[in-house]
Every structure is written in structure tokens, then in C-alpha cells.
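Student: The structure follows.
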Amino acid sequence: MQTRPLAPNSVIGILGGGQLARMLSLAAAPLGYKTCIYCPEDNGPAIDVCHSHIVGDYGDQAKLKQFAAKVDVITYEFENIPASTIAFLNQLITVSPNLKSLQTSQDRLVEKDYLNSVGATTAPYANIATKQDLDNAVRKLGLPAILKTRTMGYDGKGQVGIKTMADMQQAYDLVSNNSSGLDKPNCILEGFINFDLEISVIIARDAAGNVAIFEPSENAHKNHILNSSTIPAQISPDIRAKACQLASDIIHGLDYVGVLGVETFITTNGNTPIIINEIAPRVHNSGHWTQDACYISQFEQHIRAIANLPLGSVARHSDVVMHNLIGDGVALASDYAKQANAKIHLYGKQEIKTGRKMGHVNLLFPLDSLIKT
Ligand code: AMP
């Protein structure tokens, strides 16, 4: 394993051309690195700010070879890059996070099995391949429950909430692929967690096994999409410590290099106050607040980790509320611009669509001023 720091002017290859790749590129520049974006589209948030880009499908081995020859290390901005693409590139050059991390987070069943294997608690779950499996699992786990496709789901896509037996037809449709638009999805049924709040832990690990953990954020969702993150989260020191320990166990078990997002439910009933929902092998929307409230952002931290630089400080100098600017909500940016404590980040997307993440704003407050007593 190469542990020497990547030399200045080296090129970091990023698979994916969206806002996360954009913000990774912006964070790489002050460290003296250039980025080369590989994505199927000829335009996109990252292409505006990178040094070079290659337009190609994730299955195009000739183009992927060309990409690997141009860069010194490769990372990715989202977990739905085909595993075969990472496996192919990995024969040519280091890809961080590794294939195991990608494969674990790509499939909700593999992910839940892994999380339980390292001592984390997840929602109760069952693999669903047929309608019969679904009937059996509903009997076993009870209702309410959530049926999710094992792969390719995000922001609530590929999911059916089953509150009562009246919702079963929609669930059967998802199992038999009548409505999901996905190619023969296998599904997972999850017991519904009656949580008090959702927090996430943004953790980084370097190749030597050092970890650095940002303060957990308290997240609020609207229509299954992250709406805001508040830091600090209203959790006890004990929960904070346990959540960080779990994130640490999860990241070490994957031999992970880079930033990982760990999404959790916090419940006050029952013996297990922390239930892990899912992990994301990349910088994460609920970590965007680090750009303006910390000395080192999650984006710089990721670049540091994959470039074999020392992990940076996770110290926070401000309290912060991050608001996503979604769809038409992007119009609020000009109002936020009047606020002295607002740091605006727009992604440069041309077309406004319902539910589309167009940008975010970090509202900064004095340290510890958001703590409710
Ligand atoms: P996911 O698609 O797994 O990221 O879930 C999106 C959101 O749906 C989560 O942030 C929760 O708000 C909610 N959710 C997902 N799974 C469960 C569950 N098992 N119980 C309760 N709420 C859930």
C-alpha cells in the first residue's frame, strides 16, 4: 500500500460529475491537486470547476483506461457506480474507498448483514424475492414496515411504506417490478423504527487506520430528502460517544480510506438507543455544514485521506444549521445573501426540477448558542 503523500499537482480522478464531485474538486485545489472528472454527461456541477474531464459510460473500458492513465488516485462521489467499474479500475490504480465498501453500501441486505456483524443494531429486516417472502416477513416483523429495493434506491425512491394490509398491493407491485422501473429488484422489508431523531456521523479514516470524527448532526427530512442539519444535535454525551464508537467500528471493519457517512436513528424507548439506518461511502449531504463551521471540511478531509496526507482537525468554531435549497427553493439564495451569517453554496445546475438539490446554505451561529437546555 502506498502511504507517501500524493505530490502537489497530482491529479485526483473522481467518478461522477455532480455537486459532491464539484465540492471535492474545490477542496482539492488549495491542497495543490487537480481533479479529472469521469461521468456519462458532458455537463454538470463538477465539470465547471475541474481541471479536466472525460465523458464516458461507466462500462466503457477503453475510456476508463484512458482515465486511469491520466490520474494518480481515483475516488467516487456516489455509491451507485457499478462495482465492475471499480473492480476494473482497481487493477490499474488505487481506488478509495475500496471495492468492499462500495459493494457493502450498494445492497441494503449486504449492508445490514455487515452492520450487524460489527455489533451495530439495524432495523429488523428480511430479504424479499417473492410475494410469498413478503407475506412471511410481514407476519414475522409485523406492521408498520417499509419495503425497499435492495439496490439503486435513494431519497425515498424504490420504497413503499406498509402501514396496514391495505398497502400490500403497492408492495407486491414493487416486488414484482410492476412500478419500480428497476430491472427485477430484490427487496428488503424493514421494521418501522419509531425514532425520536435522526443523526448522522461523518467519519474519516486514513490508510494507516487513524480516524477523525466530526460532531454528529441532527437531520430533518422532507419528502424523504434531507432538508436541514443542525449542529450540535440535541443528544446526550453518552449517545454521542456511542454513535462515534459505532461509526469507528463500521469504518475499521471495511478497511476504509476516505470519508464515510453513517445515518442513524435515535430512540429513547427500548434497549438499543442507536439504530444504524445506512452508510454512504462518500462525502455526505449531512456533512456540508463542515465547509463553514469547521477548520477542515468533509471534502478536504476526504481528499487528505485518499492523498495520504494527515487527517485534518474536526474542531468546530461555530454552531450551524445547513438548509438544502431544493427545486424552486433555490430562489431563497438571494434572500440568504442579505444575512451576514449565511454562507451560500450553489451547484450551478441549469434546470430547476422538483426535488432536485440545487444548493445549500450554512447559517452560522456562535459556538454553543444552539444548545437547548
Ligand atoms: P433511506 O432511503 O433508507 O435513506 O431512508 C430515507 C428516510 O426514510 C430516513 O431518513 C428515515 O426518515 C425514513 N426511514 C427509512 N427507513 C426507516 C425505518 N426502518 N423506520 C423508520 N423510518 C425509516
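The values are calculated or read from the model by the stated rules, or taken from the named source; none is laboratory data. Note that the structure is predicted; figures quoted are calculated from it, not measured. Backbone-built Cβ (ideal geometry, glycine too); neighbour counts: all protein chains shown.
Student: For the stretch 333-373, how many residues are assigned to a strand (DSSP E or B), under 23 Å from the mean Cα position of the chain (by Cα) and of a type outside the set (A, V, I, L, M)?
Tutor: Residues of the stretch 333-373 assigned to a strand (DSSP E or B): 342-346, 357-366.
Now narrow it down to the ones that are under 23 Å from the mean Cα position of the chain (by Cα): 343-346, 357-364.
Checking which are of a type outside the set (A, V, I, L, M) leaves us with 343, 345, 357, 359-360, 362.
The qualifying residues number 6.
Student: Okay, moving on. Would you check if there is a residue in the stretch 3-17 being under 22 Å from the mean Cα position of the chain (by Cα), modelled with pLDDT under 95 and under 29 Å from MET358 (Cβ atoms)?
Tutor: Taking the stretch 3-17 first, the residues under 22 Å from the mean Cα position of the chain (by Cα) are 12-17.
Of the ones still in play, those that are also modelled with pLDDT under 95 are none.
There is no residue in the stretch 3-17 that is under 22 Å from the mean Cα position of the chain (by Cα), modelled with pLDDT under 95 and under 29 Å from MET358 (Cβ atoms).
Student: Inspect all residues belonging to the stretch 103-111 and state whether any of them is closer than 15 Å to ILE14 by Cβ, of a type in the set (Val, Ile, Thr) and modelled with pLDDT of 95 or more. If you could, list the steps in order and put the result at the bottom.
Tutor: Quick first cut of the stretch 103-111, residues closer than 15 Å to ILE14 by Cβ only: none.
Within the stretch 103-111 (the criterion being closer than 15 Å to ILE14 by Cβ, of a type in the set (Val, Ile, Thr) and modelled with pLDDT of 95 or more), the answer is no, since none of the residues qualifies.
Student: Applying the selection to the stretch 231-266, what residues are part of a helix (DSSP H, G or I) and either at pLDDT below 95 or over 30 Å from ALA21 (Cβ atoms) (or both)? Please lay out each step first, then the result.
Tutor: The initial filter retains those residues of the stretch 231-266 that are part of a helix (DSSP H, G or I), namely 237-253.
Result: PRO237, ASP238, ILE239, ARG240, ALA241, LYS242, GLN245.
Student: Pairs only if they're at least six apart or on different chains, beta carbon under 8 angstrom, first in the stretch 306-333 and of a type in the set (Gly, Ala, Ser), second part of a loop (DSSP other than H, G, I, E, B) and crowded, with 17+ Cβ neighbours inside 10 Å; list them, first residue then second.
Tutor: ALA307/LEU6; ALA307/TYR33; GLY312/ILE296; SER313/ILE296
Student: Going through the stretch 269-299 one residue at a time, which ones are within 16 Å of the ligand (Cβ to nearest atom) and assigned to a helix (DSSP H, G or I)?
Tutor: If the condition is that a residue be within 16 Å of the ligand (Cβ to nearest atom) and assigned to a helix (DSSP H, G or I), then ASN285, SER286, GLY287 are the ones that fit.
Student: For the stretch 214-262, what are the residues that are under 21 Å from GLN301 (Cβ atoms), of a type in the set (Val, Ile, Thr) and without any contact (Cβ under 8 Å) to a residue 60 or more places away in the chain?
Tutor: At the first step, the residues of the stretch 214-262 found to be under 21 Å from GLN301 (Cβ atoms) are 214-219, 226, 229-233, 240-241, 243-262.
Okay, now just the ones that are also of a type in the set (Val, Ile, Thr), so 230-231, 250-251, 257, 259, 262.
ILE251, VAL259 - these are the residues of the stretch 214-262 that are under 21 Å from GLN301 (Cβ atoms), of a type in the set (Val, Ile, Thr) and without any contact (Cβ under 8 Å) to a residue 60 or more places away in the chain.
Student: May I ask you to list the residues in the stretch 129-142 that are in contact (Cβ under 8 Å) with a residue 40 or more places away in the chain and surrounded by fewer than 15 Cβ atoms within 10 Å (Cβ to Cβ)?
Tutor: Within the stretch 129-142, ALA129, THR130, LYS131, GLY142 meet the criteria.
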